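Let me begin by presenting the structure, written as structure tokens, before commenting on it.
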């Protein structure tokens, strides 16, 4: 399926107009009050250039922070139930970094593992991911330690890689990518053997994820979790910015006559996550919650789905108020 | 910085304290909390102008309390928090040894709340010039404009609770936000849920906020939420003439009753 083409910057700008005319919403990293956020954009010029990635991940486009699942109204002698189909529109996620694009593979696995989640899939099916290879990385990045890379094609429908002479290599990777290209095939030209690798940021691997996963079962009672988590303040910032964290909580907003059921992001780092109605909490200390986060991502998930639930994007490390640098902590665990 | 390391080493070696809560070098020049428990590891401690985080939140955390008596590397925000924690009976008067470090690196030991009070009387600190400017800007807006400003800011809130978790005064083991029988505050991070959360939090910090700005710094999506708690605090200061983080004995302005209250409705 994969074919490698080229697109000039002018043609890419023209593609934005074509996408707009075709009724596609385009979301891309844009600057808002000095922050980089994933925003609706109409032109390539609105897309922020020199930046690593937005604070929040793109998972919200398929797994929003609040999803209404159903509502109900009680009338004398009966209950009226109302189902919902999420309101979605065809969307192009433009300029997603390869790590974030790969994050969708983890979400797909979880939301289709036993039940096909109606809400997630309805949104996900409308997404076309146009990834953008990284030419720079920072101290939080560790994609190459978890099976990804600055030019990895995983999760993208089209992957663009900036070329030194201007323009981009455009790898058309999936049918969705093909369909997007076919909206304006004349904007693309054949590639002629450009060296993609030479363009990419250098991200040295810090550890090896299979080795890390193999190590975890023997470390459950290690002191390392308590030591690492001493400064963790127990908020949910890491999980909420994470492109692969999927935990949610079901909230009922109701009065005596009517209500609605909402699915809201949740985090294993929060004390209440495992608090039982009895008052007992099987993960009562922050060290246990930190350990769970690592074991879920690099142990349990890997056992079930064959790879880690982490793409090494570093969003958690950048968002953490107390610099719980995940790469640093994982390297430490790997080297025990 | 050397004076601080030497002092920490000495305190730990002599057993005067069991842990020194301070800053160490983190990712890309960031200064992050660290907990030094042996004289040999005092070398981890750093002190420079990047040490802006408020470490006082750790003083009430069970994981840290179990180490024994703490010393804490203290900027002025830490010192104000310490006083307020004593005022709210979360710490004993002499439970913490504060190590105030001056610009020139000189370390002053402040073993009691009284010593902290005396030290702060000379240089209280408070809101940064940039925050003061933002507060004044907000105060000049019309009520409608302020409402629009906060709606726009709070729209980004993802309810990760980093603001609450980073706040030294949010020490409650069971927060109102987490009560679900009954559910006082709407949980989802939709418009109403976010508004209720931040308004309730600001109200709970009115008269208690030490204006360290930690909640605003902690916010991953950059909401200047400390401006809201600081505003509530200053409102209490204006109306009740007392300020959190200035005295070790301080009644909670919104909870204390005096027979000579100037308002007639309460008598």
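Any read-out appearing in this document is the output of simple, stated calculations on the displayed coordinates, not a laboratory observation. This one's a predicted model, so the numbers in the text were calculated from it and none came from an experiment. Glycine gets a Cβ as well: all are built from the backbone with ideal geometry, and neighbour counts include every protein chain shown.
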Average partner chain C-beta neighbours within 10 Å, per residue of B:154-160? 6
In cubic angstrom, how much convex hull volume per residue do the alpha carbon atoms of the range B:1-95 span? 93 Å³
Taking only the alpha carbons of the range B:176-267, the radius of gyration and the largest Cα-Cα distance, Dmax, both in angstrom, are 15.4, 45
Considering only DSSP beta bridges with both partners in the protein assembly as shown, what is the antiparallel share in %, to the nearest 5? 75 percent
Cβ-based exposure ranking for A:278, B:186, A:156, B:128, in which fewest neighbours within 10 Å come first: A:278, B:128, B:186, A:156
What is the distance in Å between the Cα centres of the range B:144-209 and the range A:222-237? 24 Å
Using only helices, what value at 222 nm comes out for chain B when you add -39,500 (n - 2.57) per DSSP H run of length 4 or more and divide by the total residues, to the nearest 500 deg cm²/dmol? -11500 deg cm²/dmol
Selected from A:145, A:11, A:317 as most flexible by GNM, with chain A as the system and alpha-carbon contacts under 10 Å: A:11
Rounded if a/c is under 1.5, else prolate if a/b is larger than b/c, else oblate: which is the range A:215-336, with a ≥ b ≥ c the root eigenvalues of its Cα gyration tensor? prolate
For chain B, take the longest principal axis of its alpha carbons; what is the angle in degrees between that and the long axis of helix B:113-122, to the nearest 10 within 0 to 90? 70 degrees
For peptide A:232-242, the mean count of other chain Cβ atoms within 10 Å per residue Cβ is 6
Across peptide A:138-150, what mean number of C-beta atoms from other chains lies inside 10 Å of a residue's C-beta? 1
Counting pairwise Cα distances across chain A, what percent come out greater than 28 angstrom? 46 percent
How would you rank B:214, B:153, B:109, going from fewest to most other Cβ atoms within 10 Å of each one's own Cβ? B:109, B:153, B:214
Rank the residues B:94, A:223, B:260 as a footprinting-exposure proxy: fewest other Cβ atoms within 10 Å of their Cβ go first. B:260, A:223, B:94
What number in nm² do you get for chain B if you take the convex hull of its Cα atoms and divide its surface by four? 16.2 nm²
Quick check on the range B:105-154: take the gyration tensor over C-alpha atoms, sort the square-rooted eigenvalues as a ≥ b ≥ c, and tell me if it's rounded (a/c under 1.5), prolate or oblate. prolate
Average Cα contact separation per residue, the range B:2-122, under 8 Å, 6 or more apart, as relative contact order %: 23 percent
Of the residues A:321, A:217, A:76, which exhibits the maximal mean-square fluctuation in a Gaussian network model of chain A defined by a 10 Å Cα contact cut-off? A:76
Against the 2.2 N^0.38 Å rule of thumb, the C-alpha Rg of the range B:73-166 sits at a ratio of 1.45
Over all Cα pairs of the range A:95-143, how is the pair count split among 5 Å bins, expressed in % and running from 0 up to the last occupied bin? 5, 18, 24, 20, 13, 11, 7, 2
With springs only between Cα atoms under 10 Å, which of B:180, B:75, B:194 fluctuates most in a Gaussian network model of chain B? B:180
Over what distance in Å are the Cα centres of the range B:15-42 and the range A:108-166 separated? 38 Å
Value of relative contact order over chain B, rounded to a whole percent, pairs C-alpha under 8 Å and six or more apart: 17 percent
Just need log10 I(q)/I(0) for the range B:129-240 at q = 0.12, 0.13, 0.17 Å⁻¹, Debye formula, equal scatterers on the alpha-carbon atoms, no solvent, rounded to two decimals. -0.40, -0.48, -0.83
The base-10 log of I(q)/I(0) that the Debye equation returns for the protein assembly as shown at q = 0.09, 0.10 Å⁻¹, one scatterer per C-alpha, is -0.80, -0.98
Shape descriptors of the range A:34-127 over alpha-carbon atoms, Rg and Dmax in angstrom, are 17.2, 61
